[in-house]
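The values are calculated or read from the model by the stated rules, or taken from the named source; none is laboratory data. For clarity, every value in this text was computed on a predicted model and none was experimentally measured. A quick note on method: Cβ atoms are made from the backbone with ideal geometry, for glycine too, and the neighbour counts reach across all protein chains shown. Calculation scope for accessible area: heavy atoms of the full protein, side chains included, ligands and nucleic acids excluded. Shrake-Rupley method; radii C 1.70, N 1.55, O 1.52, S 1.80 Å.
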Amino acid sequence: MYIVNTEQMRALDLHTIEHIGIPAFALMENAGKAIAEEVLSLCREAGQHRSGAATAVAAPGGGEAPFASHGIAADASLHLPNPSAQHWLVLAGKGSNGGDGAAAARHLCEAGLRVTLLYAAAGPAELSGAAALQQDAAAKLGIPQKFHGRDEAVELRAYTGIVDALLGTGASGAPRGAYAALIQAANDSGLPIVSADIPSGLDADTGARHEPCVRASVTVCLAFLKRGLVQYPGAEAAGRVVVRSIGIPSSLCRQHGVNTFLLTPDVLRGELQCDPKRPRSPEGHKGTYGHVLTAAGSRTMSGAGLLCSRAALRAGSGLVTWALPEELLLPMSGAAPELMLTPVEASGRSRGVWSEASADKLIQLLESRDVLAAGPGIGRFDGDSAWVRRLWESSSVPLVLDADALNALADAPDTGKWVPRQHDTVLTPHPGEMARLAGISTAEVQRDRIGTAVGYALRNRVTLVLKGSRTVIACPDGRAFVNVTGHPGMATGGTGDVLTGIIAGLLAQGLSGPQAAALGVRLHGLAGERAAQARGHFSSVTAGDVIEAL
Ligand SMILES: NC(=O)C1=CN([C@@H]2O[C@H](COP(=O)(O)OP(=O)(O)OC[C@H]3O[C@@H](n4cnc5c(N)ncnc54)[C@H](O)[C@@H]3O)[C@@H](O)[C@H]2O)[C@H](O)CC1
Ligand SMILES: [K+]
């Protein structure tokens, strides 16, 4: 599923209208029907919820074919039992979003609902183009219309639901004047709201909420998923999002530079050519599935190393060697019998702390290993930026950097002079680590997660996993994937270490950086959901549970 920004959406609209020849009015008609269908679906759900009765009429001879009678069936998508009990208000702006709303009003009327159109305008003269034609068509059909051009309060409780067709991708800044008043009234009404394209007030590119912003029950996103609908926390305003085709060919997306995707199984298999069900060769032996070296753990954070190493095994790596400061060797021996442990030179200050010199041992160990995962629980230590540089420049295997290895990278004075790596490099920062790497504030990272991640990945030719709600996987070629799996219960110590191990384990089995990062993030989220389900309540999920659920 493609994710577009407003500039790409406008270009796709224009291309479809001007080059392909599908008129804006036709697109708007399709948009209106799609919105109406989702309103009716919401009404049916509510009706079923209340009465528990199924709405479909069983066809003669069994089967659920609604309204079929002797082989003749009606259009089920616009059916609602007792539609006249519904009186929906369509709030329409002066632009094409409002045009979608007017079209939806006609289709809802056709389905038998009572409908009123309320424009954020002083009169029809303020409308133009296809939106004016839609308003005129609705008027000709006798659909009641009101015009509200001023910033005055209005009472909406007489209705049963609201369609928000005030602002779409043409909005800029916080809703003003009558738009603000109507959005406020809609939110205050407590009625179910179905938003056209995006909730009015939501920034379609960044997901920022310009108040007053509509809080929708459902958002009917038209043509392609808008970036703002997958950037949290703003996107919570959208409620359930359903993307509906309106006739703009998805085949146009590539030529308009759309290279951001929702991470679905189809996208994994298609765009990423990554088939998680890849058959494992029967003659496979532990060497077939790769050997991960983890450089992780320190005196006060030994568990991070254990979690990362166990996760690499659980993700399918044939072997895992855990390199750790010598002081931890005895205490951690046998903690996970499947792991091989090897001590590295600790710092002069303390035997439980890493040293810059330990990089030499790691490089030597990598002569017989396939992947290096460095960072979970290593803490900060003298010379750690030089340590990261040594690993960056001298390891000739895929590399995953996490936690304080990223902070050490961020503090390195001259990364621009480092020898570019010829092997997959995956960084897994949380927003704070991303901020340090990019030299901006965490708030700025969160304001445009996709843009920040893609910019860094392109500049540094790495795969960047920006963790958080809706994790972003940004690739060295500029493509980005937004993950939808996961669970609030995963916001607990150690789940980041587990993700690093999973990605390393997948790299060890031959996946590329983007494939291992995308599949790893998706599986990590699914495992977290399963762990939360098994625990009954998400507050008791631990990182270890996520490994077990993987
Ligand atoms: N173009 C097409 O073929 C299709 C478009 N679709 C729908 O159209 C909107 C985008 O429409 P556009 O006319 O560009 O802008 P909007 O309707 O979103 O709003 C512009 C309208 O609102 C005023 N305005 C802008 N910002 C503010 C503000 N902060 N406060 C108050 N008023 C504001 C501005 O002056 C204009 O009058 C898209 O989202 C789709 O819904 C269809 O999908 C069909 C194809
Ligand atoms: K809207």
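So the check is Cβ under 6 Å with 6+ separation or different chains; which pairs have a first residue in region 509-531 that's in the same structural domain as Val397 (by TED's automatic domain parsing) and a second one that's aromatic (Phe, Trp, Tyr) and open to solvent by 30 Å² or more (accessible area, probe 1.4 Å)?
Gln509/Tyr289
Could you grab me the full set of residues in region 76-112 that are farther than 15 Å from Gly32 by Cα and of a type in the set (A, V, I, L, M, F, W, C)? Write out each step before concluding.
Keep residues of region 76-112 that are farther than 15 Å from Gly32 by Cα, which gives 76, 79-87, 94, 112.
Selection gives Ala76, Leu80, Ala85.
Looking at Ile143 and the list (1) crowded, with 20+ Cβ neighbours inside 10 Å; (2) away from ligand 2 (no atom under 16 Å from the Cβ), which single condition is not satisfied?
Here Ile143 meets the rest and fails (1).
Considering Asp164, Asp197, which residue is within 13 Å of ligand 1 (Cβ to nearest atom), over 20 Å from the mean Cα position of the chain (by Cα) and surrounded by 20 or more Cβ atoms within 10 Å (Cβ to Cβ)? Full working, then the answer.
Numbers: Asp197 fails: over 20 Å from the mean Cα position of the chain (by Cα).
The match here is Asp164.
Any idea how many residues of region 518-544 are of a type in the set (Val, Ile, Thr) and in a loop (DSSP other than H, G, I, E, B)?
Narrowing region 518-544 to residues of a type in the set (Val, Ile, Thr): 521, 541-542.
With in a loop (DSSP other than H, G, I, E, B) added as a condition, the list becomes 541-542.
Of the residues in that region, 2 qualify.
Looking at region 226-280, which of the residues that are among the polar types (S, T, N, Q) and more than 29 Å from Pro431 (Cβ to Cβ) is surrounded by the fewest Cβ atoms within 10 Å (Cβ to Cβ)?
This residue is Ser251.
So, in region 23-34, exactly how many residues are open to solvent by less than 50 Å² (accessible area, probe 1.4 Å) and within 21 Å of Ser128 (Cα to Cα)?
Our first condition is that a residue be open to solvent by less than 50 Å² (accessible area, probe 1.4 Å); within region 23-34, this holds for 24, 26-29, 31-32, 34.
If we keep only those that are within 21 Å of Ser128 (Cα to Cα) too, we end up with 24, 26-29, 31-32.
Residues that pass the stated criteria total 7.
Yes or no, residue by residue, for (1) surrounded by 14 or more Cβ atoms within 10 Å (Cβ to Cβ); (2) touching a residue at least 40 places away in the same chain (Cβ under 8 Å); (3) more than 24 Å from Glu29 (Cβ to Cβ):
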position: Trp88; (1), (2), (3): yes, yes, no
position: Ser96; (1), (2), (3): yes, yes, no
position: Ala105; (1), (2), (3): yes, yes, no
position: Cys109; (1), (2), (3): yes, no, no
position: Tyr119; (1), (2), (3): yes, no, no
position: Ala158; (1), (2), (3): no, yes, yes
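Could you give me the residue pairs with C-beta distances under 9 Å whose first residue belongs to region 24-37 and is among the acidic types (Asp, Glu) and more than 16 Å from ligand 2 (Cβ to nearest atom), whose second residue is assigned to a helix (DSSP H, G or I) and open to solvent by less than 10 Å² (accessible area, probe 1.4 Å) wherever it lies, and which are 6+ apart or on separate chains?
The qualifying pairs are Glu29/Ala103; Glu29/Gln134.
Could you say whether any residue in region 183-204 is in contact (Cβ under 8 Å) with a residue 24 or more places away in the chain, more than 15 Å from ligand 2 (Cβ to nearest atom), farther than 19 Å from Lys146 by Cα and touching an Asp or Glu at 6+ places or on another chain (Cβ under 9 Å)?
No, region 183-204 contains no residue that is in contact (Cβ under 8 Å) with a residue 24 or more places away in the chain, more than 15 Å from ligand 2 (Cβ to nearest atom), farther than 19 Å from Lys146 by Cα and touching an Asp or Glu at 6+ places or on another chain (Cβ under 9 Å).
Identify the single condition in (1) within 30 Å of Ala174 (Cα to Cα); (2) within 15 Å of ligand 1 (Cβ to nearest atom) that Tyr232 does not satisfy, given that it satisfies every other one.
Among (1) within 30 Å of Ala174 (Cα to Cα); (2) within 15 Å of ligand 1 (Cβ to nearest atom), the lone unmet condition for Tyr232 is (2).
Scanning region 200-220 for residues that are open to solvent by less than 10 Å² (accessible area, probe 1.4 Å) and away from ligand 1 (no atom under 12 Å from the Cβ), which turns out farthest from Ala443 (Cα to Cα)?
Result: Val218.
Can you list residue pairs whose Cβ atoms sit under 6 Å apart, with the first residue in region 391-403 being small (Gly, Ala, Ser) and the second being in a strand (DSSP E or B)? Count only pairs 6 or more apart in sequence or on different chains.
Ser395/Leu372
Give the residue, chosen from Ile473, Ile502, Ile547, that is open to solvent by less than 10 Å² (accessible area, probe 1.4 Å), of a type in the set (A, V, I, L, M) and either out of contact with any helix residue (DSSP H, G or I) (no Cβ under 6 Å at 6 or more places or on another chain) or outside any helix (DSSP H, G or I) (or both). Before the answer, list the steps.
On the way: Ile502 fails: either out of contact with any helix residue (DSSP H, G or I) (no Cβ under 6 Å at 6 or more places or on another chain) or outside any helix (DSSP H, G or I) (or both); Ile547 fails: either out of contact with any helix residue (DSSP H, G or I) (no Cβ under 6 Å at 6 or more places or on another chain) or outside any helix (DSSP H, G or I) (or both).
Result of the check over Ile473, Ile502, Ile547: Ile473.
Return only the number of the condition from (1) touching a residue at least 60 places away in the same chain (Cβ under 8 Å); (2) out of contact with any strand residue (DSSP E or B) (no Cβ under 9 Å at 6 or more places or on another chain) that Thr428 does not satisfy.
Thr428 satisfies every listed condition except (2).
Pairs under 6 Å by beta carbon, first residue under 20 Å from Ile450 (Cα atoms) in region 5-20, partner open to solvent by 80 Å² or more (accessible area, probe 1.4 Å) and part of a helix (DSSP H, G or I), six or more apart or different chains?
Here the result reads none, with nothing in region 5-20 linked to a residue that is open to solvent by 80 Å² or more (accessible area, probe 1.4 Å) and part of a helix (DSSP H, G or I).
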